[in-house]
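None of the figures in this text is laboratory data; all of them are computed from the coordinates on show. No experiment lies behind these values; they were computed from the predicted model shown. Glycine also receives a Cβ, built like all others from the backbone with ideal geometry; neighbour counts cover every protein chain displayed.
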Amino acid sequence: MMMSPMFAGHATAYGVAAHDEDVIGHGAFMDLIRQGFRPKMLMMHEGSEIGDWLEFREDDIGLLAIGRLDLKSAGGRQASAKIETGEFTGLSLGAPLIGEIRQIAGTNGRFCRRVLAVPEISLVTEPANPMARILSFTAGTA
């Protein structure tokens, strides 16, 4: 029997500016996690869902995400292959990020102290947050 591939990684890192200069503060996802936060899992922020997010927790680095790919979907099979070959290296929060956000003085960036909603989290080739990386992957073969 074939088991679904699983992976873990940081969807974002705290205190690190993303390419758009936005920064997320420590503890910003606590309320969402308590509420059973389950955004869509996509590939490169588009298309159909490719799997399910199983667990989210905050650690010293950021928002740790654990997910399972759906091998019954073409996107899930494609994402699994792209992780195995090293093409997909990271995770990325989908826009629009909704939360308690303020402008960072003297920059184009914003600081988010509390995230209220994230529509999806994608597997990506290059994450906007440089520390939002896939940490582990199991191919799921029995």
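For the chain, count all C-alpha to C-alpha pairs, find those more than 26 Å apart, and express that count as a whole percent of the total. If you can, show how the numbers build up before the last one.
Details: 2097 of 10011 pairs.
Considering the chain, 21 percent of its Cα-Cα pairs are separated by more than 26 Å.
Taking every DSSP beta bridge with both residues inside the chain, roughly what % is antiparallel (nearest 5)? Don't skip to the answer; put the middle values down first.
Details: 31 of 37 bridges.
Around 85 percent antiparallel, to the nearest 5.
How far, in degrees from 0 to 90, does helix 74-84 lean away from the longest principal axis of the Cα atoms of the chain, to the nearest 10? Helix 74-84 sits at roughly 80 degrees to that axis.
For the chain, adding -39500 (n - 2.57) for each run of n ≥ 4 DSSP H residues and dividing by the number of residues yields -3000 deg cm²/dmol at 222 nm. Charge dipole (Cα centre; +1 on Lys/Arg Cβ, -1 on Asp/Glu Cβ; no other charges) of segment 6-127 amounts to roughly 260 debye. Projecting the Cα atoms of T85, P39, G62 onto the charge dipole of the chain (Cβ charges, centred on the Cα centre) puts P39 farthest toward the positive pole.
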